[in-house]
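Comments concern the structure below.
The values are calculated or read from the model by the stated rules, or taken from the named source; none is laboratory data. None of these values were measured; they are calculated from a predicted model. Glycine also receives a Cβ, built like all others from the backbone with ideal geometry; neighbour counts cover every protein chain displayed. Just the protein is used for accessible areas: all its heavy atoms, side chains included, with ligands, DNA and RNA removed. Shrake-Rupley method; radii C 1.70, N 1.55, O 1.52, S 1.80 Å.
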Amino acid sequence: MARQQWSSKTVFVLAAVGSAVGLGNVWRFPYLAGRYGGGAFLIPYLLAFVLMATPLLILELAIGQRMQRGPIKSLRQMHPAFGGIGLIAVISAFLVVAYYAVVMAWCLIYLIRSLGVAWADDPQGYFFGQVLQISDGVGQWGGFNLPILAALVAVWLAIYFCIWQGPKSVGKVVLYTVPLPVVVMAVLFLRSLTLPGFWQGWRLYLTPVWSAMLSPEVWTAAAAQAFLTLSVAFAIMLTYASYKQPNEDIVKSSWTTAIADLAISLFAGFVVFAVLGYMAWTTSSTVEEVTTSGPGLAFVVFPQALSLMPLPGLFSALFFFMLLTLGIDSAFSLVEPAIAAWLDLKPGTKGTHIAGWACLAAFAVGTLYTTRAGLYFLDIVDHFVTTYNAIVVALGMAILGGWVFGAEALRRYVNEVSDWQVGRWWNISIKWVVPIVLAILLATQLSTDLRTPYEGYPAWALAIGWATVLVPLGLGLWMVRGGQEVLLEAAPPEQDGTPQ
Ligand code: PHE
């Protein structure tokens, strides 16, 4: 059975941009910028983005495209000890998509309730009370929240029908779902320029609070955001690249993806801050007051701001429609590593069946987040998986690519096939900058989490968070210590087509 391929180079770049540009750009980036010093956050962010995240993107594309296999096999082919890193990446992406889809389910509920602007009277109470029906603490499950569960089923059906035929169906979907939200964002941008007070919002966004740069927390947050937003460190881009021809461009595609993603984050920042500036103006408060809400931004502060605009229903519907279309290509890209790894293991299986089982399994895990304590669990798992698992995978890949396989050898391959060239600075980034900075981040984050319980959650709840780190890590180690033979013996012998 021949390995599936993208129908064209443009389709691959669109899929990569679709994966990179997601809820992270509109919901996470602006609130981090607001929280960590406005313009001053942009500096660590840009540094991490250009010096670490983009080089890692080039590395992932190089590995996937060269090895023509899913994450586990690709890494294992480069060195037998590194298959475990692939396994950790696959499980982590799967854990992320289980809650990512739940956030999309909230967007769907908001979209449906947009026309009546159901939250207008009390946006905070609406989100936590009516939509989430949140319980008093992580220990009180309080049963399932049926509307969210129903919305989650709808989201998973949509995801399944995007990926059921692999790159073939994904290629068709991204032609629409990638440009569409950008058009909607442009409409919202133009609208925001006509709102009084938008300028105050922009001022806060762009004025650097230099003292913020002295805090290590800002640097960790900036680096983590740079990785998440580019979808690196979860083997997503590696998987997507494995559906390319072995001799296709890598460098130009990486920079195109990175620049598009960066531009959309910055652009989303302008829209979000303009609307917040308007809200500060109408409610006679300062923009600082309205932005300090953190993760509630997209579901509390922003909806409230929208409800104050003329034609609130229309603009709210546009906003949540934009979030959904932005999110869907990222969501299905997070399922792809698991599908690719499974197909490597059992090449004869029908792709449509694997996609179906993968979606069903992620949905099942995601039901945890549809309980009344769901938001607490989501917060915990998000914190642990996106920091520790991402750092471990990125570290593993950088060591494998930079030291074991050899950065120079990889760079030569990359430059041979690419339209643009990448200089020697890439070797330095992969061999030194990425591992050293990540090791420091890992140590700082570990010491913080071991000293102070994250967000004050009880130990048993945080144990679930640690389990999402330690279980994949344990499985990864088991694989290195021979467990992979058990897995791979079940698979039929290697087929031709691996470029050597
Ligand atoms: N890059 C996407 C985003 O910013 C999807 C993603 C989220 C990828 C989290 C990995 C981890 O939303």
Members of the range 116-153 found to be crowded, with 16+ Cβ neighbours inside 10 Å, under 19 Å from residue 320 (Cβ atoms) and among the small types (Gly, Ala, Ser), listed by number: 118, 120, 151
Quick one: in the range 70-114, which of the residues that are among the charged types (D, E, K, R) and open to solvent by 30 Å² or more (accessible area, probe 1.4 Å) is farthest from residue 468 (Cα to Cα)? 113
Out of all the residues in the range 24-43, is one or more within 12 Å of the ligand (Cβ to nearest atom) and touching an Asp or Glu at 6+ places or on another chain (Cβ under 8 Å)? yes
If a residue has to be open to solvent by 30 Å² or more (accessible area, probe 1.4 Å) and either within 20 Å of residue 235 (Cα to Cα) or touching a Gly at 6+ places or on another chain (Cβ under 6 Å) (or both) to count, how many in the range 414-432 make the cut? 1
Of all helices (runs of 4 or more DSSP H) fully inside the range 357-470, the set with 1 or more residues that are charged (D, E, K, R) is 374-384, 407-417, 434-451
I'm told residue 47 meets every condition in (1) more than 17 Å from residue 218 (Cα to Cα); (2) modelled with pLDDT of 90 or more except one. Can you identify the failing condition by its number? (1)
What number of residues in the range 325-343 are open to solvent by 10 Å² or more (accessible area, probe 1.4 Å) and more than 14 Å from residue 97 (Cα to Cα)? 4
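A quick yes/no check of all residues on (1) within 26 Å of residue 325 (Cβ to Cβ); (2) touching a Pro at 6+ places or on another chain (Cβ under 7 Å):
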site	(1), (2)
210	no, no
213	no, yes
221	no, no
224	yes, no
238	yes, yes
241	yes, no
244	yes, no
Can you give me the ranges of the helices (runs of 4 or more DSSP H) entirely in the range 248-346 with at least 1 residues that are within 16 Å of the ligand (Cβ to nearest atom)? 251-282, 312-345
The condition of being of a type in the set (Val, Ile, Thr) and modelled with pLDDT of 95 or more holds, among 134, 148, only for 148
Got a number for residues in the range 25-41 being under 16 Å from residue 220 (Cβ atoms) and of a type outside the set (Lys, Arg)? 8
